[in-house]
Amino acid sequence: MKKNLINFITTLVLAIILSQLLPWWHVMVAGFLSALFFSLNRTAVFFIPFIAVFLFWISYSFVLSNTNDFILAKKIAILLPLGGSSILLLIVTGFIGGIAAGVGALLGKQCSVLVKH
Amino acid sequence: MKYFKLLLTLLLTLVVFFGLNSKFGSIPPIGKFLSPNQGFWQNENDENLSTTMQINGLKNKVSVHYDNALIPHVFAKNNTDLYRAQGYLTAKHRLWQLEFQTFAAGGRLSEILGEQALDYDRQERRRGMLFGAENALLKMQEDPETLSYIEAYRDGVNSYIHQLQPKEYPVEYKLLDYAPEAWTTKKTALLLMYMTKMLAGRESDMERTNALAKYGKDRFDLLYPDFFDVNDPVISKETDWSFIDITMPEAPEQKIPIDSFSISETINKPHPQNGSNNWAVSGEKSYSGHPILANDPHLSLNLPSIWFVMQLATPEHNSYGATLPGALGIISGYNNHISWGETNATRDVIDWYKIEFKDNSRKEYKHDGQWKKTTQRIEEIKIRNGATLYDTIIYTHHGPVTYDHNFKGNNAKAGFAMQWVGHIGGNNQRTFLKFNEGKNYEDYLDALKSYTAPAQNFVFASTEGDIALWIQGQFPNKWKGQGKFLLDGSNPKHDWQSFIPQEFNAHSKNPERGFVSSANQHPVDTSYPFYVFNDGYETYRNRVINDFFRAKDKFDIQDFKNLQNNNYNLKASELLPYIFANMDTSSLSNEEKEILKTIKMWDFYSEIDQIAPSIWESWWTKLYTIVWDEYDAESVAMEKPFVYQTIYMFKNNPKDELMDIIDTPKKETAKDLFLMTFKETAKELTEWKAKHGDYNWSAYKATFIGHLLQALPAFSRFDVPIGGDYNTVNAASKNHGPSWRMVVEMTTPPTGYGIYPGGQSGNPGSKYYDNFIDDWAAGKYMNLLFMQDQQDKKEIIASQTLTP
């Protein structure tokens, strides 16, 4: 459990820092690096970074959008199309970020396995 | 095993990366687009207005004050700084639109949208848009002053683009996954060409030629008269033209040379309703003794709006009004001394010449009994995710051979060449720069005289008390009938012989009637010595406007606002009473009788809460379609006669053969058509009601303001409650209408009122994106803040300094 928490926090912190330096794929790098150094087992490999970035992207997006009354989010939710629901759009955003981070972590895990042996 | 797993996860990572980083069809690159640090979430904000920005090349500080409508009030120390700041600020608020419009103008949409835009791009290249823009740029470069300003504007736009990070790109770039490129002076020329195409790019030579071949001269002249039987021209009938003393070109024998070449279809034409209103009353007719001027250009209703409102001031001049992103200065507006506005002059400035090539190499064409050399222009059309297309376009002295066997044509040794005033080029930017600095009638005239295209009715009023209207453009001096039909490219007598000398362009200064006005109607009556035929002139708005100004002695601001928002449907009022008197109603059901009763009680005002305008719209559309059913059956391109003449035929020739429906054995007359189409209307509206509810005019018309990207629904506004239709003074139809309404009283300093259907920000995520729309629809105006002293900031919400 402790390992999960460490990985979670590492992923989150890395993602926040890297988001200021890299394009959208900062979350893949964050997932990759945290798995490389704090590797987890079984499904946790994917889901811990997934949840970390899921929450990060949702919070980050929410803060940006909330100050602007979700004007654009509501329109993008029509465009994509998500029935105009900005909440759904936030969830989709978190989900996409989470998948990218999780997949990055899977690769990180395999690399760490290779290094350790 | 572990290597296999590694490989598998690596592959998965790559798939996810490319999957989320790439655009698929119309789906944006989803990872990029949704990421909060790079994607659209970054566009969830209003502009940052209060910072100090450093801009290379400025000579002095420029102050920018924003009012609560996000209108920038720009104070510079000199013109170069002013236009640099205009470029910078236009890019700041409207970058995507600014660039996209010039891509559209120059036939480069395939670079953004891919293969689907290729036909459009080829058509624009073959129309000679780049050729015309290059010629215009050459003319602008001849004038060092204009050149220095368009360069300053360019540098201003680029200063903004260069400091922009990808995460700050307007959302449309993110959606389509591309990046802005540097602005060039040629893009300003392209934007002006875009306007020239929009306003002086309509013609029907081919269609008329086909109609003449089908009907013969007498019948053709009845259906397509050079003048309608009503005409209240822009320049009033009382004008004395005796000062025009040049010999007119003589008409050669005209044989229509259509035999050896035919085309499957013609290139797209600009919207037929592109037009406008403007007028001014003199001090004597004004409630306050100061002249009052008004302008409302009617264009497609788009977001971001075609207009961007600004105040542009230096110590020497101070002007306010609507700008066009990409062009310099104020286009429709006022300064401390004069005010100006435009409507389209709608003159025939495009002609088509049948070209005969010597052989398949097309290196020579026949002209004046000789073989003359052609030139080639190779247009490079880049296509997103595709191979670049090179389109070779042959040029003759007339202009580009738009139609040939490579494009809509059928014969390798023939083609149609286009001659267009838009190709000649002109320094039309200068006119607007000079208006901005103008102090009186002489300055206005000086600004005008070099203006070539698109020809406009330039209305004018000054604090000195003058009002005027010049119909200005470069007009070929044609022999009677020239260019109404296809011309013979080998006959030198068919060439444009000369241009109408500028001082002979029709105009009016301080007329006795105390007002000037234009609404795209016929510029003159038959007494004007130059050949001007009916090229689609407006027939309703202008009469309502002129009658309004003849009806009383004094006019105030409210009168002006009321007139701009006037929904009186003169067209309906001229046909419906005739129909009511002649239609046989004995076979109508009770339901149909109810509907008939509603429209019979109509006062002919197309207001949003009325039902009758919807009945009229539905009825008229059906009537116009069925009466010209023979056109829909034609295989060649033909244009249906104008609305006014159609109504004329209903009332004066109700038993004419054109009333007959060709698909039925019966011989129909106008009366039959009225009844038939009325029953269909009743049926349609009853069904509509069952599906959508009450068919009041607002709901039935469903005016919308569409985003420039094919009216992307998420970024558009629908069901805007506005009255009127395309024939009322408030010319608001489904997706077209008054794109900027302005009223200016020439007090010292002038007092302005204005509104447009959009907002100052181009960002769909800004509350300033569409915040004027509701007021615009309701006929409300902003009291325009014309700052005289930049220290007086009482209505200013933010100030920004641009520093060298």
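The figures follow:
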quantity: Of all residues making up region B:492-510, the number that are open to solvent by less than 10 Å² (accessible area, probe 1.4 Å) and in a loop (DSSP other than H, G, I, E, B); calculated: 2
quantity: Selection count where residues are in contact (Cβ under 8 Å) with a residue 40 or more places away in the chain, more than 18 Å from B:Val230 (Cα to Cα) and open to solvent by 30 Å² or more (accessible area, probe 1.4 Å), scope region B:569-584; calculated: 2
quantity: Any hit, region B:211-229, residues being touching a Pro at 6+ places or on another chain (Cβ under 8 Å) and either aliphatic (A, V, I, L, M) or open to solvent by 10 Å² or more (accessible area, probe 1.4 Å) (or both); calculated: yes
quantity: Subset of region A:1-29 [among the aromatic types (Phe, Trp, Tyr) and over 13 Å from A:Phe56 (Cα atoms)]; calculated: A:Trp25
quantity: Any hit, region B:667-674, residues being open to solvent by 10 Å² or more (accessible area, probe 1.4 Å), hydrophobic (A, V, I, L, M, F, W, C), out of contact with any Phe, Trp or Tyr (no Cβ under 7 Å at 6 or more places or on another chain) and more than 22 Å from B:Ser204 (Cβ to Cβ); calculated: no
quantity: Tally of residues being of a type in the set (Gly, Ala, Ser) and without any contact (Cβ under 8 Å) to a residue 60 or more places away in the chain across region B:370-388; calculated: 1
quantity: Selection from region B:70-100 of residues that are open to solvent by 10 Å² or more (accessible area, probe 1.4 Å) and farther than 15 Å from B:Ile55 by Cβ; calculated: B:Asn79, B:Phe100
quantity: Search result, residues across region B:776-794 that are open to solvent by less than 30 Å² (accessible area, probe 1.4 Å) and not in a loop (DSSP other than H, G, I, E, B); calculated: B:Trp776, B:Ala777
quantity: Residue count for region B:306-329, restricted to those that are in contact with a strand residue (DSSP E or B) (Cβ under 8 Å, 6 or more places away or on another chain), open to solvent by 10 Å² or more (accessible area, probe 1.4 Å) and of a type outside the set (A, V, I, L, M, F, W, C); calculated: 3
quantity: Residues located in region B:330-343, provided they are open to solvent by 10 Å² or more (accessible area, probe 1.4 Å) and assigned to a strand (DSSP E or B); calculated: B:Glu342
quantity: Answer residue from region A:48-82, given it is open to solvent by less than 40 Å² (accessible area, probe 1.4 Å), closer than 17 Å to B:Ile30 by Cβ and aromatic (Phe, Trp, Tyr) and is farthest from the other protein chains (Cβ to nearest Cβ) among those; calculated: A:Phe50
quantity: Region B:585-601 residues that are in contact (Cβ under 8 Å) with a residue 60 or more places away in the chain, paired with ones that are surrounded by 11 or more Cβ atoms within 10 Å (Cβ to Cβ) and not in a helix (DSSP H, G or I) (beta carbon under 9 Å, 6 or more apart); calculated: B:Glu592/B:Thr585; B:Ile595/B:Leu588; B:Ile595/B:Ile611; B:Leu596/B:Met583; B:Leu596/B:Thr585; B:Leu596/B:Leu588
quantity: Residues being open to solvent by 100 Å² or more (accessible area, probe 1.4 Å) and either within 9 Å of chain A (Cβ to nearest Cβ) or on the phi > 0 side of the Ramachandran plot (or both) - total across region B:2-20; calculated: 2
quantity: Qualifying residues in region B:383-420 (those that are outside any strand (DSSP E or B) and within 20 Å of B:Gly114 (Cα to Cα)) - the one most open to solvent (accessible area, probe 1.4 Å); calculated: B:Asn385
quantity: Evaluation of B:Pro757 against (1) open to solvent by less than 10 Å² (accessible area, probe 1.4 Å); (2) farther than 22 Å from B:Leu563 by Cβ; (3) away from chain A (no Cβ under 14 Å); (4) in a loop (DSSP other than H, G, I, E, B) (one fails), failing number; calculated: (2)
quantity: Whichever residue in region B:26-40 is under 34 Å from the mean Cα position of the chain (by Cα) and at the interface with chain A (Cβ under 8 Å from one of its Cβ atoms) and, among such residues, is surrounded by the fewest Cβ atoms within 10 Å (Cβ to Cβ); calculated: B:Gly39
quantity: Helices (runs of 4 or more DSSP H) contained in region B:617-726 and holding at least 2 residues among the aliphatic types (A, V, I, L, M) and away from every other protein chain (no Cβ under 14 Å); calculated: B:643-652, B:670-692
quantity: Breaking point among (1) β-branched (Val, Ile, Thr); (2) touching an Asp or Glu at 6+ places or on another chain (Cβ under 8 Å); (3) open to solvent by 20 Å² or more (accessible area, probe 1.4 Å), for B:Thr747; calculated: (2)
quantity: Any chance B:Thr247 is without any contact (Cβ under 8 Å) to a residue 12 or more places away in the chain, surrounded by fewer than 21 Cβ atoms within 10 Å (Cβ to Cβ) and not in a helix (DSSP H, G or I); calculated: yes
quantity: When residues of region A:84-93 are limited to those that are part of a helix (DSSP H, G or I) and at the interface with chain B (Cβ under 9 Å from one of its Cβ atoms), the one most open to solvent (accessible area, probe 1.4 Å); calculated: A:Val92
quantity: Filter result for the condition that a residue is surrounded by fewer than 23 Cβ atoms within 10 Å (Cβ to Cβ), within 14 Å of chain A (Cβ to nearest Cβ) and in contact with a Leu (Cβ under 9 Å, 6 or more places away or on another chain), over B:Lys23, B:Lys61; calculated: B:Lys23
quantity: Criterion violated by B:Leu138 - all others in (1) within 14 Å of another protein chain (Cβ to nearest Cβ); (2) surrounded by fewer than 16 Cβ atoms within 10 Å (Cβ to Cβ) satisfied; calculated: (1)
quantity: Some residue of region A:102-117 being open to solvent by 40 Å² or more (accessible area, probe 1.4 Å), facing chain B (nearest Cβ under 7 Å) and closer than 19 Å to A:His26 by Cα; calculated: yes
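Residue-wise test of (1) part of a loop (DSSP other than H, G, I, E, B); (2) open to solvent by 40 Å² or more (accessible area, probe 1.4 Å); (3) of a type outside the set (Ser, Thr, Tyr).
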site	(1), (2), (3)
B:Ala468	no, no, yes
B:Phe485	yes, no, yes
B:Ser490	yes, no, no
B:His522	yes, no, yes
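The values are calculated or read from the model by the stated rules, or taken from the named source; none is laboratory data. Just so you know, these numbers come straight off a predicted model, no measurement behind them. Here Cβ is always computed from backbone atoms with ideal geometry, including for glycine, and neighbour counts include all displayed protein chains. Surface accessibility is based on the protein's heavy atoms, side chains included, excluding ligands, DNA and RNA. Shrake-Rupley method; radii C 1.70, N 1.55, O 1.52, S 1.80 Å.
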